[in-house]
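Read through the structure below, which is laid out as structure tokens, and then see the notes.
The values are calculated or read from the model by the stated rules, or taken from the named source; none is laboratory data. Everything numeric here is computed off the predicted structure, so don't read it as measured data. A quick note on method: Cβ atoms are made from the backbone with ideal geometry, for glycine too, and the neighbour counts reach across all protein chains shown. Ligands, DNA and RNA are stripped out before the accessible areas are found, and what is left, the full protein with its side chains, is counted by its heavy atoms. Shrake-Rupley method; radii C 1.70, N 1.55, O 1.52, S 1.80 Å.
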Amino acid sequence: MSMSDPIADMLTRIRNGQARSKVTITMPLSKQKVAIANLLMDEGYLTDVSIESEGEKPQLVIKLKYYRGKPVIELLKRVSRPGLRIYRGKGELPTVMGGLGVAIVSTSKGLMSDRAARAAGQGGEIIAYVA
């Protein structure tokens, strides 16, 4: 089956996994999904990210993070989508929840958080908000 927005599917799998208090979730592998998962892990929203290559197709395995029984991620929202791309310049990058959250930005130098993109002087496509 063809999927029109694999990034939205990834974010939905994370939200659904947290709603069911899952420890790990798996999904089909892609370079962009790995980059987003690694960015979320570096920002402290995920415990671990790994690639499992058992079977025909490799899978991305994500370990979700909880604090006192509650998910660390409270907000996970897709911003730019295939039907409506959202681009912002370096001076127009959004702050999520007054700087407590992270906006994932796809720049010409790869995926980065909004803080890293501002520091690098880069603008780009706003992929998602995480808080």
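Per residue, how much space in cubic angstrom lies within the convex hull of the C-alpha atoms of the chain? Mind showing how you got there, number by number?
Working: hull volume 15.1 nm³, N = 131.
In the chain, the Cα convex hull volume per residue is 116 Å³.
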Open item on the list: Compute the helix-to-body angle for 31-42: its Cα long axis versus the longest principal axis of the chain, expressed 0 to 90° and rounded to tens.
Closed with: 80
- [ ] Beta carbons within 10 angstrom, averaged per residue: use that to sort the peptides 31-39, 82-90, highest first.
- [x] 31-39, 82-90
Task: Nearest-ten-degree value, helix 6-19 long axis tilted from longest Cα axis of the chain - done: 60
TODO: Would you grab the residues whose amide H sits under 5 Å from the one on Leu46? Only those 5+ places off in sequence or on another chain, please, with H modelled 1.01 Å from N.
DONE: Met41
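Could you work out [θ]222 nm for the chain from helices alone, using -39500 (n - 2.57) per DSSP H run of at least four and dividing by all its residues? Round to the nearest 500 deg cm²/dmol. Let's see the in-between values first.
Values: 3 runs with 33 residues, N = 131.
Mean residue ellipticity, 222 nm, calculated: -7500 deg cm²/dmol.
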Task: Distant-in-sequence amide H partners of Arg81 (H built 1.01 Å from N, under 5 Å) - done: Ile86
Task: Interchain or long-range residues, amide H under 5 Å from Leu75's placed H - done: Ala131
TODO: Enumerate the calculated ³J(HN,Hα) couplings along region 80-97 in order (Karplus 6.51 cos²θ - 1.76 cosθ + 1.60, θ = phi - 60°), each rounded to whole Hz, writing x wherever the residue is Gly or Pro.
DONE: 7, 9, x, x, 8, 7, 10, 10, 9, x, 5, x, 10, 5, x, 10, 9, 6
Task: For the chain, accessible area per residue (1.4 Å probe, heavy atoms of protein chains only), Å² - done: 58
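Roughly how many percent of the accessible protein surface of the chain is carbon and sulfur, given a 1.4 Å probe and a whole-percent answer?
Numbers: 3830 of 7660 Å².
Carbon and sulfur: 50 percent of the exposed surface of the chain.
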- [ ] Quick one: grab the alpha carbon gyration tensor of region 56-123, order the square roots of its eigenvalues as a ≥ b ≥ c, and give me rounded if a/c is under 1.5, else prolate or oblate depending on whether a/b is larger than b/c.
- [x] oblate
TODO: With a cut-off of 11 Å, note down the residues of region 1-36 whose backbone N falls inside the zone around a label point 7 Å from the Cα of Asp48 toward its beta carbon.
DONE: 24
Task: Check: region 50-131 dipole with +1 on Lys, Arg Cβ and -1 on Asp, Glu Cβ, in debye - done: 280
